[in-house]
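Right, one structure below, let's go through it.
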Amino acid sequence: MAIVIGAVLLLLSVWTVLPLPFPLGLNWGQQVLAVLEGAIPLLLIFVGLIAIFIGIADVKDRMEAKKEEAAEKARTSGDSQNK
């Protein structure tokens, strides 16, 4: 069912941008390009912000892992000295 819906939507989208008179196409190609011209910079900003947030979270995770690793080494060395 999803394949059929996808095919119908694809055909409708192609029909809307065909540069032919109404029954054969809607000739919305220029409007689609205008939307893309406006949407692409906004999409790039959004993706850039997401990448920055992911990078910050990754740095925080690495710092936390180093702290846990150091604490584990301290516990291990402390246990071996007590024996």
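Observations, loosely collected:
- Rounded to whole numbers, the Karplus 3J(HN,Hα) couplings from phi for segment 28-37 are 9, x, 5, 5, 5, 5, 5, 5, 5, 4 Hz, using 6.51 cos²θ - 1.76 cosθ + 1.60 with θ = phi - 60°, and x at Gly and Pro.
- Our analysis of segment 2-77 gives Rg over Rh at 1.46, with the two radii drawn from alpha carbon positions and Rh computed by the Kirkwood formula.
- The chain: angle of helix 2-17 to the longest principal axis, Cα-based, in degrees nearest 10: 60
- Rounded to the nearest 20, the Cβ-based charge dipole of segment 2-77 about its Cα centre (Lys and Arg +1, Asp and Glu -1) stands at 160 debye.
- Think of the chain as having a plus end and a minus end, set by charges on the Cβ of Lys, Arg, Asp and Glu; of 13, 53, 77, 77 sits farthest toward the positive end of this dipole.
All of the numbers you see were taken from the coordinates with simple rules; none came from a lab. Here the structure is a predicted model, which means the values were calculated and not measured. Glycine gets a Cβ as well: all are built from the backbone with ideal geometry, and neighbour counts include every protein chain shown.
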